[in-house]
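Chemist: What follows is a single structure, and I will ask about it in a moment.
The values are calculated or read from the model by the stated rules, or taken from the named source; none is laboratory data. Computed from a predicted model, the values in this text were never measured in an experiment. We place every Cβ from the backbone using ideal geometry, glycine too, and count neighbours over all the protein chains shown.
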Amino acid sequence: MSERISVLVVDDHAVVRGGLRLFLLAFPDLNLVGEAAGGQEALQFCAVQCPDVVLMDLMMPGMSGVEATRAIRRACPHTQVIALTSFLDTQLVQDVLEAGAVGYMLKSAQAAELAEAIRAAKSGKTTLSSEATTTLIQQKGATPLHQELTEREWEVYRLLLEGKTNAEIAAVLVVGVSTVKYHVSRVLSKLGVNSRAEAIAYGVQHHLVGQNSADHGVY
């Protein structure tokens, strides 16, 4: 068996933490390494041990989930954060993704869906609930912003939609990582989004995954 994925659960409700504890026990590849009742406690835990993935509640007293996400990502760049909440608010989704979260899931998600989101997060890949994707795109409007991408920007975006990292994109296109970072920045700017997660949500909503540039008028 490959190395288990270490997970920290952060929620101010003991009942929720207990439920997530039982959920994690059902998947042999997921390993609960800690629990925290708030953002500050989670940050203190990560200062000692950086887990692979943090399941982060957003609405907590004291340090909010958004603030904790930003602080944890600074302290532990290799730790990925999935927002796990009961709230679906456009601003909240945007804020936590901008803070560095790689996923946004509702607590009503099925266990298998959440497990897959954790596995994807470990690889740095984004998972958004369908509800979060919809609310993000509704906020952005219906203008086909992707048609403003150049051919090279589209190539980078297409690979980003496949979940590839900057290094992997650079290898495919035979360019430097710094060049890829520049094009990713341009793609995010043209799409009017602030993170790779939002860019992926845009691509899903506009059915761009698996398509080539000719299908969508990119020039």
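Chemist: Pick from region 16-68 the residues that are assigned to a strand (DSSP E or B) and without any contact (Cβ under 8 Å) to a residue 60 or more places away in the chain: which of them is surrounded by the fewest Cβ atoms within 10 Å (Cβ to Cβ)? Explain how you work it out, then say what you get.
Modeler: Residues of region 16-68 that are assigned to a strand (DSSP E or B), as a first pass: 30-36, 53-56.
The next check asks that each one be without any contact (Cβ under 8 Å) to a residue 60 or more places away in the chain; those that pass are 31-36, 54, 56.
Values: Asn31: 15, Leu32: 19, Val33: 17, Gly34: 17, Glu35: 19, Ala36: 23, Val54: 32, Met56: 29.
Among residues in region 16-68 that are assigned to a strand (DSSP E or B) and without any contact (Cβ under 8 Å) to a residue 60 or more places away in the chain, the one surrounded by the fewest Cβ atoms within 10 Å (Cβ to Cβ) is Asn31.
Chemist: I've got another one for you. Quick one: in region 95-109, which of the residues that are surrounded by fewer than 19 Cβ atoms within 10 Å (Cβ to Cβ) and more than 12 Å from Met56 (Cα to Cα) is modelled with the lowest pLDDT? It would help to see each step written out before you state the result.
Modeler: As a first pass, look at region 95-109 and keep what is surrounded by fewer than 19 Cβ atoms within 10 Å (Cβ to Cβ): 98, 106-109.
In the following step, the residues that additionally are more than 12 Å from Met56 (Cα to Cα) were identified as 98, 108-109.
Details: Glu98: 86, Ser108: 89, Ala109: 89.
Looking at the filtered set, the residue picked out is Glu98.
Chemist: For region 163-205, give me each residue that is acidic (Asp, Glu) and surrounded by fewer than 21 Cβ atoms within 10 Å (Cβ to Cβ).
Modeler: Restricting attention to region 163-205, the residues satisfying the condition of being acidic (Asp, Glu) are 168, 198.
Scanning region 163-205 gives a single hit, Glu168.
Chemist: Moving on to the next point. Please determine, by comparing only the residues of region 110-136 that are at pLDDT 90 or above, hydrophobic (A, V, I, L, M, F, W, C) and surrounded by 17 or more Cβ atoms within 10 Å (Cβ to Cβ), which one is nearest to Ile72 (Cα to Cα).
Modeler: Keep residues of region 110-136 that are at pLDDT 90 or above, which gives 110-122.
From what's left, hydrophobic (A, V, I, L, M, F, W, C): 111-112, 114-115, 117-118, 120-121.
Restricting the remaining residues to those that are surrounded by 17 or more Cβ atoms within 10 Å (Cβ to Cβ) gives 114-115, 117-118, 120-121.
Values: Leu114: 21, Ala115: 21, Ala117: 19, Ile118: 17, Ala120: 19, Ala121: 15 Å.
Among those residues, the one meeting the criterion is Ala121.
So that you can scan it fast, the table gives a plain yes or no per residue for (1) in the same structural domain as Ala199 (by TED's automatic domain parsing); (2) closer than 24 Å to Ala199 by Cα; (3) over 20 Å from the mean Cα position of the chain (by Cα):
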residue	(1), (2), (3)
Glu35	no, no, yes
Cys76	no, yes, no
Gly100	no, yes, no
Ala112	no, no, no
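Chemist: Within region 97-106, which residues are within 13 Å of Thr127 (Cβ to Cβ) and not aromatic (Phe, Trp, Tyr)?
Modeler: The first filter runs over region 97-106 and keeps only residues within 13 Å of Thr127 (Cβ to Cβ), leaving 97, 101-106.
Across region 97-106, the qualifying residues are Leu97, Ala101, Val102, Gly103, Met105, Leu106.
Chemist: Could you check region 137-162 and list, in sequence order, the residues that are under 30 Å from Ser108 (Cβ atoms), crowded, with 16+ Cβ neighbours inside 10 Å and either at pLDDT 80 or above or of a type in the set (A, V, I, L, M, F, W, C) (or both)? Show your work before the answer.
Modeler: Start the filter on region 137-162 by keeping residues that are under 30 Å from Ser108 (Cβ atoms), which leaves 137-142, 160-162.
Add one more test, that the residue is crowded, with 16+ Cβ neighbours inside 10 Å, and what stays is 137, 140, 160-161.
Selection gives Ile137, Leu160, Leu161.
Chemist: Another one. Consider Leu84 carefully, then state whether it is assigned to a strand (DSSP E or B) and at pLDDT 95 or above. Give the steps one after another, and end with the answer.
Modeler: Details: assigned to a strand (DSSP E or B): yes; at pLDDT 95 or above: no.
No, not satisfied.
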